[in-house]
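Trainee: The structure under discussion is supplied below as structure tokens; questions concerning it will follow.
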Amino acid sequence: MVTCNHSGALPANLTVMTSPEPASSRAPETEIEQKPLAIDFRAVSGHLADWFSDAARDLPWRQHRSGYHALVSEAMLQQTQVDRVLPAYLRFLERFPTIEALANAPEEAVMASWQGLGYYRRARNLQAAAVRILEDFGGEVPRTARELKTLPGVGRYTAGAVASIVFGERAAIVDGNVARVLARLAANHGRLGERTFDAWTWEQAELMANTARDPGVVNEALMELGALVCTRHAPDCERCPLQADCAGHAEGDPARIPEPRQAGPRKRIHLHVVLIGREGRVLLCRRPGRGLWAGMWEPPTVESDVILEPGQLIERLDAEVEMVHPVEETFEHRTTHRDVVFHVHQADVGEPGSKGEYLWHPLDALDEIGLSNPHLRLINRLREPGLSG
Ligand code: SF4
């Protein structure tokens, strides 16, 4: 497929936000002793289960448990707040109520249904997983963590969550919330993201899952406790069912446990976007198939390491325009590893270029095509009176 020409762009080495950090780029490990948790696992898992039965939030994926629903909710909840996931989850299941519906849908429709959640690779992986489930598992979501991990986009955490919460397997899970609670229970001052600390959290989570009466309930309760009570900056120990077992609380300052993840170097890039409208439509071009917002749509754009003047922009743009006017709005969008600065321009007239895949898309149907949040925001400018060409 031919895609937009991003002059000066860096698609080849542009890593997607959800890509795991390569081991070689990890920060040097700190030497913190990884003490085992000195707790009665069975008693603690009992306290957790009791607390969870009273305190659990009433979330739609908890009302009807199924492997498919769990795969969808877990994919959406990675790196996204519950509040933003709720409407998207309901909308997604209405549009794709079954694995078959998702597997057979056009990719464009799946991307459009993911709008507002970001990290679109998750949507592609979820659809690829649905295809694999149809082809290799007879349309039934596999029930074990080992099999689940063979699905595209399903890692150790998601496999453990689905296997334990939906199918009752004694599989462990560790996400940021679980790691934090376990570290505080043991007063383990290790650093998130470091190999020895991460291995330690998985060992403790496995002990918890292996001794619990219902591993799914305890896994979910640990996550819920981290989300609602043992929060990152303000653990509410007075409301915590594990206070009597918690070495971090006994030490006196659990908010300092664990050490935060070490931030990697950030890159700054400039996206010069040119809005071109015509009769209620906007000219869009498909982004490259790899990297940031892979395969999604955007107005004609030039990507660079520096800010370009309008003349330089026209020279490097793969679209036919004679003049561009900078629009006052410039805004910054932070991704996991990048600061992306959007410079918004407008052209009164323009035609598609020759190198990319283009379309004129109706402005009143922007929710039917895969657009990132910042692109949606800036294209909406064209809906302002007098700007739609
Ligand atoms: S007692 Fe406090 S620090 Fe310990 S697990 Fe509970 S909320 Fe977290």
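The values are calculated or read from the model by the stated rules, or taken from the named source; none is laboratory data. Treat the numbers as computed from the prediction; the structure is a model and nothing was measured. Heads up, the Cβs are rebuilt from the backbone with ideal geometry, glycines too, and the neighbour counts pull from every protein chain shown. Accessible surface areas use protein heavy atoms only, side chains included; no ligands, DNA or RNA. Shrake-Rupley method; radii C 1.70, N 1.55, O 1.52, S 1.80 Å.
Trainee: Go through region 245-344 and name the trypsin sites (Lys or Arg not before Pro) that are in a DSSP coil and have 15 or fewer other Cβ atoms within 10 Å of their Cβ.
Mentor: R261, R266, R290
Trainee: Going 7 Å from the Cα of S354 along its beta-carbon direction, which residues of region 302-335 have the amide nitrogen within less than 13 Å of the resulting point?
Mentor: Only 318-320 fall inside the zone, counting backbone N under 13 Å.
Trainee: Name the residues whose placed amide hydrogens come within less than 5 Å of the amide hydrogen of D339, ignoring near sequence neighbours (fewer than 5 apart) on the same chain.
Mentor: Result for D339 returns K267, R268, I269.
Trainee: Now for a separate question. Give the ranking of H361, H189, H272 by solvent-accessible surface, highest area first, calculated with a 1.4 Å probe.
Mentor: In descending accessible area the options line up as H189, H361, H272.
Trainee: For A38, project a label point 7 Å along Cα to C-beta. Then give me every residue of region 241-279 with its amide nitrogen under 16 Å of that point.
Mentor: Residues 244-252 fall inside that zone.
Trainee: Moving to a separate point now. For region 70-93, list residues with backbone N below 15 Å from a point placed 7 Å from the Cα of A101 toward its Cβ?
Mentor: 70, 72-73, 88-93
Trainee: Nothing charged except the Cβ atoms of Lys and Arg (+1) and of Asp and Glu (-1): what's the magnitude of the dipole of the chain about its Cα centre? Round to the nearest 20 debye.
Mentor: 520
Trainee: Where does the longest stretch of the chain lie that holds no GluC sites (Glu not before Pro) found in a DSSP loop with 11 or fewer other Cβ atoms within 10 Å?
Mentor: Answer from the scan: 141-278.
Trainee: Put Y68, Y358 in order of accessible area, largest first, 1.4 Å probe: what do you get?
Mentor: Most to least solvent-accessible, the answer reads Y358, Y68.
Trainee: Next question. Return the sequence-ordered ³J(HN,Hα) values of region 317-322 in whole Hz as given by the Karplus equation 6.51 cos²θ - 1.76 cosθ + 1.60 applied to θ = phi - 60°, using x for Gly and Pro.
Mentor: With the stated coefficients, region 317-322 comes to 7, 8, 7, 8, 9, 9 Hz.
Trainee: Quick check: convex hull of the Cα atoms in region 267-383, volume per residue, rounded to a whole Å³?
Mentor: Measuring per residue, one finds 99 Å³ for the Cα hull of region 267-383.
Trainee: What accessible area, in Å² to the nearest ten, does a 1.4 Å probe give for H343?
Mentor: Counting only protein heavy atoms, the figure is 20 Å².
Trainee: Using a 1.4 angstrom probe with every protein chain in place, what is the largest-first accessible-area order of K35, K149?
Mentor: Working: K35 85, K149 105 Å².
The most accessible residue leads, giving K149, K35.
Trainee: Whole-Hz ³J(HN,Hα) for each residue in region 305-313, computed from phi via Karplus 6.51 cos²θ - 1.76 cosθ + 1.60 with θ = phi - 60°, x for glycine and proline: what do you get?
Mentor: Karplus-based 3J(HN,Hα) across region 305-313 equals 8, 10, 7, 9, 6, x, x, 5, 5 Hz.
Trainee: Right, another one. When the helices in the chain are scored as -39500 (n - 2.57) per DSSP H run of 4 or longer and the sum is shared across all residues, what 222 nm value do you end up with, to the nearest 500 deg cm²/dmol?
Mentor: Values: 15 runs with 148 residues, N = 389.
The helix contribution divided over the chain gives -11000 deg cm²/dmol.
Trainee: Counting only protein heavy atoms, what percent of the accessible surface of region 120-168 is carbon or sulfur at a 1.4 Å probe?
Mentor: On region 120-168, the fraction of accessible area on carbon and sulfur atoms equals 46 percent.
Trainee: Same structure, new question: Which value, in nm² and rounded to one decimal, describes the direction-averaged projected area of the C-alpha convex hull of the chain?
Mentor: Taking a quarter of the hull surface, the average projection is 20.7 nm².
Trainee: Please list the non-local residues whose amide H lies under 5 Å from the amide H of V282, H modeled 1.01 Å from N, same-chain partners needing a gap of 5 or more.
Mentor: Excluding prolines and chain starts, which carry no amide H, the hits are H361, L363.
Trainee: To continue, here is another question. What FRET efficiency, computed as 1/(1 + (r/R0)^6) with R0 = 35 Å and r the Cβ-Cβ distance, is obtained for A255 and D58, rounded to the nearest 0.05?
Mentor: Efficiency at R0 = 35 Å is approximately 0.80.
Trainee: With a Förster radius of 22 Å, plug the Cβ-Cβ distance of T336 and V82 into 1/(1 + (r/R0)^6) and report the FRET value to the nearest 0.05.
Mentor: 0.70
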